[in-house]
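Structure record follows, encoded as structure tokens.
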Amino acid sequence: MVLISAARDYINRMLQDISGMKVLILDSQTVSIVSVAYSQSELLQKEVFLVELVDSISKSKESMSHLKALYFLRPTSENIQHMRRQLASPRFGEYHLFFSNILKDTQIHKLADSDVQEVVQQVKEFYADFVAIDPYHFTLNVPSNHIYMLPAILDPSNLQCFCDRVVDGIAAVFLALKRRPVIRYQRTSDVAKRIAQETSKLMYQQESGLFDFRRVEISPLLLVIDRRDDPVTPLLNQWTYQAMVHELIGIQDNKVDLKTIGKFPKDQQEVVLSSEQDAFFKANMYENFGDIGMNIKRLVDDFQQIAKSNQNILTVEDMAKFVDNYPEYKKMHGNVSKHVTLVTEMSKIVEERKLMLVSQTEQELACSGGQGAAFEAVTNLLSNESISDIDRLRLVMLYALRYEKESPVQLMQLFNKLASRSAKYKPGLVQFLLKQAGIDKRTGDLFGNRDLLNIARNMARGLKGVENVYTQHQPLLFQTMESITKGRLRDVDYPCLGNHFQQGRPQEVVIFIVGGTTYEESRSVALQNASNSGIRFILGGSVILSSKRFIKDLEEAQRVARSRTSMV
């Protein structure tokens, strides 16, 4: 509950002390922060009758002096400019200003100078500068996420904006948790090192007083790692509920937009998938697709029983009971139809794209050896008319990551075949992926074939067999968490910053993946936390990836790299 509770607590504190009718004014980022932590009905209960975006409210001149304005904004120079303009000719009776991160002194002076009519009642910092997707998973929805793949020299100003947003987000998480961590980073990643250094500078120098919390016996750990150390996880098809919905349909801030996949009634065009608001989803978000079908059938059966009992209205008492229970009945009806719709749509996609066939080969590429058999399987799938362009591309990418050194001739054959089969394929994209995340760039033992312990583990797994061929892959993050739990995270690969070293095993660990997390990794974190190892893990990233998003970032980075280098 930790992250969602922290965000909700901040929003509660904003809303509860201000009585009367309110308007809540947000920016394009804080609207995500609030929407995942607070429902619209909860806002109404707190007398919030209007929610507006700060840039659109600037365009309106209508006076609303009967409303009290609550602003919850990121402390950006753009938002400060909006505030100055709005305070110069105030439309609301009162102004309560809340910022999601640390305000600079100069910004406070600018706001004070603009408040000529003295309508501002309070200015506060509430450190909810992260989108709390799940209890132990946060994201930052950073725009231009591809920038982490580019050398600093290519686009220094955009890289600085990217790093600033990440540092702000990490700082807010630790301010919300009231902790100051020991910081470690992935040695082979320049961008991870830079973010770690800038975070350390903020926490231990520039704002050391703000982070000077009551000492704990063992400091928590912040580990900053690079997405390119595990490019396999975001490329795989998913077969557990939450991850699968994101991969096949798409989840944005715990909402699923169904307009893209078909015609639905207006109230079902966008549905909420939140473990906080939906008990069925909470119980099933990490379950396999096969089990989900059975569990949804049970949910439908339960609903039909209730619907049947509602048909037997014979007396006035029955009628009164039905009216009392109607909101709950309607909510259950909405919930049942939501999950039935999602599973039905995903089943269609699985069938259309022949994903059972594709995924079996993907899992074998990610988890087991046998280069000859893998080459044959990928070649056959590339020739299969039913396989979509994106699935062909992902298969060749996975093969290239696995066998880049072992079979350059066969790899070239696959590149040529892919180019001839997929009209949308951008030449050189797989080679660009290898340049970004090939074996020479990676720190971790991604395929379990470098480290003796991992080789032995994979052999044991091969002998035992796997329970489910579609979910046998474990993200590299699982190994990283295991290494931290056992005190085996190597200093040479993940050095500490400054002279702040880890004394003993940490009890709280925040792992931040520059370049984005996946729902498969957040599932790994949730299962690890449920195993009672004595360590609480929190996962964060710049965005939440699907294979489509990861490939889009690769394409954009390749485009920028080509255009900038041709200009030089």
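Full extension of the chain segment joining ILE390 with GLN507 gains 38.0 nm, where the gain is 0.36 nm per residue of separation less the Cα-Cα distance.
Using R0 = 25 Å, the C-beta based FRET efficiency linking LYS266 and LYS331 works out to 0.90.
Given the DSSP H assignment, sum -39500 (n - 2.57) over each helix run of at least 4 residues in the chain and divide by its residue total; what's the result at 222 nm in deg cm²/dmol, nearest 500? Each step should come with its number before you reach the end.
On the way: 21 runs with 283 residues, N = 568.
So the calculated ellipticity at 222 nm is -16000 deg cm²/dmol.
Kindly report, to the nearest 10 Å², the accessible surface of LYS435 as traced by a 1.4 Å probe over protein heavy atoms only. Answer for LYS435: close to 150 Å² accessible.
Sorting LEU497, LEU429 on solvent-accessible area from highest to lowest, probe radius 1.4 Å, gives LEU497, LEU429. Assuming charge only on the beta carbon of Lys and Arg (+1) and of Asp and Glu (-1), the dipole of the stretch 67-208 about its Cα centre is about 320 debye to the nearest 20. Computed from backbone phi, the HN-Hα couplings of the stretch 189-201 come to 10, 5, 6, 5, 5, 4, 5, 4, 5, 5, 5, 4, 4 Hz, rounded to whole numbers (Karplus: 6.51 cos²θ - 1.76 cosθ + 1.60, θ = phi - 60°; Gly and Pro given as x). A cut-off under 15 angstrom between Cβ atoms defines the neighbours of SER533, and their net charge, with Lys, Arg +1 and Asp, Glu -1, is +2. Projecting the Cα atoms of VAL131, SER383, ASN416 onto the dipole axis of the chain, where Lys and Arg carry +1 and Asp and Glu carry -1 at the beta carbon, places ASN416 farthest toward the positive end. What the phi angles of the stretch 144-156 give under the Karplus curve with 6.51, -1.76 and 1.60, with θ = phi - 60°, is a coupling list of 6, 5, 4, 4, 5, 7, 9, x, 3, 5, 6, 8, x Hz, glycine and proline written as x. Taking the Cα centre of the stretch 153-248 as reference, the dipole from Cβ charges on Lys and Arg (+1) and Asp and Glu (-1) amounts to some 400 debye. Any of LYS282/LYS348; LYS124/LYS178; LYS417/LYS548; LYS297/LYS331; LYS124/LYS331 with alpha carbons more than 26 Å apart? Name them for me. Listed pairs above 26 Å: LYS124/LYS331. Going by accessible surface with a 1.4 Å probe and the largest first, ARG84, ARG180, ARG74 read ARG84, ARG180, ARG74. Phi-derived couplings, Karplus 6.51 cos²θ - 1.76 cosθ + 1.60 at θ = phi - 60°, listed residue by residue for the stretch 111-128: 5, 4, 5, 7, 7, 5, 8, 6, 9, 6, 8, 7, 10, 9, 9, 10, 7, 9 Hz, with x used for Gly and Pro.
The values are calculated or read from the model by the stated rules, or taken from the named source; none is laboratory data. As the structure is a computational prediction, the values presented were derived from the model and not from experiment. All Cβ positions, glycine included, derive from the backbone under ideal geometry; neighbour counts span all protein chains shown. We work out accessible area using only protein heavy atoms, side chains counted, and drop any ligands, DNA or RNA first. Shrake-Rupley method; radii C 1.70, N 1.55, O 1.52, S 1.80 Å.
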